[in-house]
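To start, the structure itself, in C-alpha cells.
The values are calculated or read from the model by the stated rules, or taken from the named source; none is laboratory data. All values reported here derive from a predicted model rather than from experimental measurement. Counting neighbours? That spans all protein chains shown, and the Cβs are built from the backbone with ideal geometry, glycine included. These accessible areas exclude ligands, DNA and RNA; they are computed on the full protein's heavy atoms, side chains included. Shrake-Rupley method; radii C 1.70, N 1.55, O 1.52, S 1.80 Å.
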Amino acid sequence: MISAFRLLLAPFCALVFAAILVSPAAASDIFKVRGIHVDKTAESATAARSAAQAEGQRLALVAMMKKLTLPEDWQSLPEVDDATAQNAVRGFQVAGEKTSSTRYIAEMIVSFQPEAVRRLLRGAGIPFAETQARPTLLLPVLRRGGELTLWEENNPWRDAWASLRPADELAPLILPIGEIMEMSAVPAETAVSNSEEAEAALDGLAANYGASEVLVAEATLSGDEASVQVNVTRHGGLVPAEPISASYQAEDRDLAKLMQSAAAGTMSAIAVQWKRQIIVRDGTLSTLTVQADFATLSEWETIRKGLTSTPLVQGMEVAGIASHGAEIRISHKGSVEMLALSLAQQNVTLDDVAPETTDDMGMQPDDVAPMGGVPGMAPVKSAPRWHLSVRQ
C-alpha cells in the first residue's frame, strides 16, 4: 500500500507532478450550439447578413447558457446584447444560405470560448454543468398500430432523432448504424423486453459502440396519430436513474413535426436528468486524499488525464509516486459521490476501500521497529480509504 512503502520522491516528480493546478475543462464540443435559424430583412443584402449573424450569435449564446444550466435557473440568466455575444464567440459557420437584395436566411453553428461562458454564469450566480456524460447508445422504438419498428426505413421516430445530431449535448447519444447483424441481434421486440437474454443483447450492442449504457426510447402513437407517448428506460449505466415519461401533441396533424418535437423534448429531459446529477450548487472546495493504483504507465496516464479533464477537480498534488501507485491530494467541488460520477466519465473509478486491519496500537506485524519502539512492530500511517483505478 502506498502509505507504508517508501515513496520515490525524485526531483523530476516534484517538478512534473507537485502542485498541478487544474483549470476546469470539458470536451470542447459542448461549447458549440447548432441549428440557430436566422432570417433578417434590411436595406441591403450586406446589412441583412450582418444583422442576421449578430442575432444568431446572440440567440446561440442564450441557448449555450441554457444548455449548461437547469430550467429553474433560466429566468435568472444574464441579458445578452450583440457586444456580449460577439466577445464570447470563438467562431461560427453558416449553412443553407439564401439571399436576396434585402433578405438573408441561414442556419448557424456557433462555438463559444469556454471561459467567457463560465464568466457570464458565475457573474449571475448560476450553477452550471460542464461534465459531459459518456456517450449512450439510443434505440428509438416506434409502436404504431400495434406494430413495433426500430431499424426499418419507415420509422419516423428514428428519423426525428437522426435530424437532431445530439453528439454535442452534455448527455451525448449515439444512434446505431443499423447493420444486418445489429438488426438480427436486437430486433424491436428485444429492445423493449426485460428478459435476461434481451439485457445481454443490449450489452453486446452497446459494447460495439464503446458505450456502457443503452437508452430505449419507446414512442407510442395514438390511433389518430395526433399525439405520442414517450417512455425512456435505461439499461446498464454507472448510476441508477428514474425512467423518463412524457406525452406530446401534434399541432397540425404533421407526423414529422410531432416526432421532431417529441425527440427534442426527450433529448432535453435526458440532459436535464444528467445535469441534476452533476451540477454543484455549493462552490465550497473540499480536499480528498486518494491512492491511485496502476499496473502500467499507460494506466497512470489515464488516471492523470482523467483528473485534469474533470471539471469538478480544481487542483491536485501528487504527494508521492512509485512504480505501481501514487498518493494524490485532490481539491474538488461537490460531494465525493459527484466526483466519482464525474471521473467515471473519463474511464476512471473512484472507490471507497476499507483500510487494512491493524492492531489496537495502530501497528502492523513484521515491520522493523523504530528506535525505542516495540520489537516486531512499527507505526503505520493509515492508507487512503479512497482509491483511483482505470475502469476495466
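Of the residues making up the range 176-195, none is in a strand (DSSP E or B) and open to solvent by 60 Å² or more (accessible area, probe 1.4 Å). On the stretch given as the range 206-220, residues that are surrounded by fewer than 21 Cβ atoms within 10 Å (Cβ to Cβ) and either touching a helix residue (DSSP H, G or I) at 6+ places or on another chain (Cβ under 6 Å) or among the hydrophobic types (A, V, I, L, M, F, W, C) (or both) total 1. Restricting attention to the range 187-223, the residues that are within 10 Å of His235 (Cβ to Cβ) and β-branched (Val, Ile, Thr) add up to 2.
Just one residue in the set Ala207, Ala219, Ala211, Ala246 is of a type in the set (A, V, I, L, M, F, W, C) and in contact with a Phe, Trp or Tyr (Cβ under 6 Å, 6 or more places away or on another chain); that residue is Ala219.
The residues on offer are Ser28, Ser23, and the sole one that is closer than 30 Å to Gly320 by Cβ, open to solvent by 50 Å² or more (accessible area, probe 1.4 Å), modelled with pLDDT under 95 and under 20 Å from the mean Cα position of the chain (by Cα) is Ser23.
Scanning the range 319-330 for residues that are more than 15 Å from Val348 (Cβ to Cβ) and open to solvent by less than 30 Å² (accessible area, probe 1.4 Å) returns Ala319, Gly320, Ile321, Ala322, Glu327. Determine, yes or no, whether Leu138 is modelled with pLDDT of 95 or more, open to solvent by less than 20 Å² (accessible area, probe 1.4 Å), within 24 Å of Arg276 (Cα to Cα) and assigned to a helix (DSSP H, G or I). When the stated conditions are applied, Leu138 does not pass them. Please tell me if Glu130 is open to solvent by less than 20 Å² (accessible area, probe 1.4 Å), assigned to a loop (DSSP other than H, G, I, E, B) and charged (D, E, K, R). Judged against the criteria, Glu130 is a match. Residues that are in contact with a helix residue (DSSP H, G or I) (Cβ under 9 Å, 6 or more places away or on another chain), polar (S, T, N, Q) and farther than 15 Å from Gln277 by Cα within the range 66-87 comprise Thr84, Gln86, Asn87, listed in sequence order. Residues of the range 31-67 that are within 23 Å of Pro135 (Cβ to Cβ), in contact with a Lys or Arg (Cβ under 8 Å, 6 or more places away or on another chain) and surrounded by 21 or more Cβ atoms within 10 Å (Cβ to Cβ): Phe31, Val33. Tell me the residue from Ala322, Ala369, Ala295, Ala378 that is modelled with pLDDT of 90 or more and among the small types (Gly, Ala, Ser), please. Every option except Ala295 fails the conditions.
Given the range 208-252, what strands (runs of 3 or more DSSP E) lie entirely inside it while holding 2 or more residues that are of a type in the set (D, E, K, R)? Filter on the range 208-252 gives 213-221. Within the range 258-275, is even one residue over 18 Å from Arg385 (Cβ atoms) and in a loop (DSSP other than H, G, I, E, B)? No, that holds for no residue.
A quick yes/no check of all residues on (1) touching a strand residue (DSSP E or B) at 6+ places or on another chain (Cβ under 7 Å); (2) within 30 Å of Gly223 (Cβ to Cβ); (3) surrounded by fewer than 17 Cβ atoms within 10 Å (Cβ to Cβ):
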residue	(1), (2), (3)
Ser245	yes, yes, yes
Glu251	no, yes, yes
Ser261	yes, yes, no
Ile270	yes, yes, no
Lys275	no, no, no
Gln291	yes, no, no
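Might you check whether a residue that is among the polar types (S, T, N, Q), part of a strand (DSSP E or B) and crowded, with 17+ Cβ neighbours inside 10 Å occurs anywhere in the range 98-121?
Yes, that holds for at least one residue.
Considering only residues in the range 293-318 that are under 21 Å from the mean Cα position of the chain (by Cα) and among the small types (Gly, Ala, Ser), the one that is surrounded by the fewest Cβ atoms within 10 Å (Cβ to Cβ) turns out to be Gly315. Looking at the range 228-242, can you tell me whether even one residue there is open to solvent by 60 Å² or more (accessible area, probe 1.4 Å), out of contact with any Pro (no Cβ under 9 Å at 6 or more places or on another chain) and within 20 Å of Ala263 (Cβ to Cβ)? Checking the range 228-242: at least one residue is open to solvent by 60 Å² or more (accessible area, probe 1.4 Å), out of contact with any Pro (no Cβ under 9 Å at 6 or more places or on another chain) and within 20 Å of Ala263 (Cβ to Cβ).
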